[in-house]
1. Suppose only helical runs count, i.e. DSSP H with n ≥ 4. What mean residue ellipticity at 222 nm does that imply for the chain under -39500 (n - 2.57) per run, divided by all residues and rounded to the nearest 500 deg cm²/dmol?
2. When the Karplus curve 6.51 cos²θ - 1.76 cosθ + 1.60 is applied with θ = phi - 60°, which whole-Hz ³J(HN,Hα) does each residue of the stretch 227-238 get, with x for Gly and Pro?
3. For Glu131, Glu141, what's the fewest-to-most ordering of other Cβ within 10 Å of each Cβ?
4. Remind me, relative contact order of the chain in percent, using alpha carbon pairs under 8 angstrom and six or more residues apart?
5. When each pair of different Cα atoms in the stretch 279-382 is counted once in the 1/r mean, what is the Kirkwood radius in angstroms, to one decimal?
6. Can you sort Ile411, Ile95, Ile61 from fewest to most other Cβ atoms within 10 Å of each residue's own Cβ?
7. Whole number please: convex hull volume per residue of the Cα set in the stretch 1-134, in Å³?
8. If each residue's Cβ is checked for other Cβ atoms within 10 Å, how do His75, His235 rank with the fewest at the top?
Amino acid sequence: MAVTPLVSHRRILFASLVGTSVEFYDFYIYATAAALVFPALFFPASDPALAQLASYASFSIAFFARPLGGLVFGHFGDRMGRKSTLVASLMLMGISTVLIAFLPTYAMIGWVAPLLLSLLRFGQGLGLGGEWGGASLLAVENAPPGWANRYGAFPPLGAPVGFIFANGFFLLLGAFLSDDQFRDWGWRIPFLASACLVSLGLWVRVKLTETPAFVAAQESAPPPRIPVGELFREHWLPTLAGTVGTVACFALFYISTVFIIGYATKGLGYDRELFLGAELVAILFMAAGIWIASSLADRSNATRILAIGCIATVATGLTIGWFVRADALAMLFVWLAGGLFVMGFVYGPLGGWLPSLFPARVRYTGVSVTFNIGGIIGGGLTPLIAATLVQRGGLVLVGYYLAAAAVLSLIGLALVARKNALPG
């Protein structure tokens, strides 16, 4: 019986999945803590709303660090190889996350506490900046013909996997600890547990070899001296298109997770554990959406599937006010599940689409730069902006914001609508 591509490349796919799962686990435990406990512990203020906004602002720091991480790790990834660069990015984010567990709070050392938290948050973002692009190349550059988008789906699948582990951890802690115990020390446990997950990711990745595309690029010509210079000089249009094309996925995801967690539990009065449980079930719809969309992208093309997802994102934004309300958890869950399923369509095919925009010699830099700058535009300030919009005019303004992000991504897709094949 013939061996299927997924079986023959099992280790490669697992390595691309486990790394991004660990990275997103680290990222999401910060996001969850920023919504639930960091306002009181690190950003005390007379107005709880101001403390929440300051906590969301610290969450945003990583988004501004990610492009720098993309440039640094992309530079070495295109010059020295995918494998060693991926190991380094994982270590940086893992160390930054574990150190957060040992931070003293504002009550202990004053303003130094939020400063140290912000520095470690910057380290998280720097590491993640080099992770997603490298993981997608690890998968896509090893994909058999006709499987690029399904292989490219494995790094995006790390997002729901990491989310499930992160929020599941907080849910369990909430079930076994009192509110005082959780606030005093329980929130630190998920950050400590990151060390075990990082060790697993490193163990898998050190056993890998370089991708065939990177080896072929090295053999055909010397590596670019400054990859980012060549990228902006010779590939500025796909760089612009890729950046704008990612905006919708970031805006949709961080509105339907980080913003909604804080808004539902503090603004609408939902029980924290109950709502986190609803989020955990809803995130499964995102995983399903990622795989369905990526499979369809291999049968059609990634640009078309991403465009369908953007159109559905407009509808998701315009209906948020109908479903997200107090004392209507079932309706809120319908919006969450539907929105996160749509998220799979604007996120899953990115794993195959972004690498297809660039030649192998600058592909690590190209994917990392576009994905991470798009993250700033679409996600960096989104929880903060959404919280501000709610105060100014209610959820309807948040919906308009999300719809506008989707239209922007549609414009990016249109700029390179003819590019489908992975260049050499």
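1. Details: 22 runs with 322 residues, N = 424.
So the calculated ellipticity at 222 nm is -24500 deg cm²/dmol.
2. x, 5, x, 5, 4, 6, 6, 10, 9, 5, 5, x
3. Working: Glu131 33, Glu141 25.
If I rank by nearby Cβ atoms, fewest first, I get Glu141, Glu131.
4. Answer for the chain is 25 percent.
5. After inverting the pairwise mean of 1/r, the radius is 14.8 Å.
6. Values: Ile411 13, Ile95 16, Ile61 20.
Taking fewest neighbouring Cβ atoms as first place, the list is Ile411, Ile95, Ile61.
7. Numbers: hull volume 14.9 nm³, N = 134.
Taking only Cα atoms, the stretch 1-134 has a hull volume of 111 Å³ per residue.
8. Details: His75 22, His235 18.
Ranking His75, His235 by Cβ neighbours within 10 Å, fewest first, gives His235, His75.
Values in this text are rule-based calculations from the coordinates and carry no lab data. A quick note: this is a predicted structure, and the numbers were derived from the prediction, not measured. Don't worry about glycine lacking a Cβ; one is built from the backbone with ideal geometry, like all the others, and counts go over all protein chains shown.
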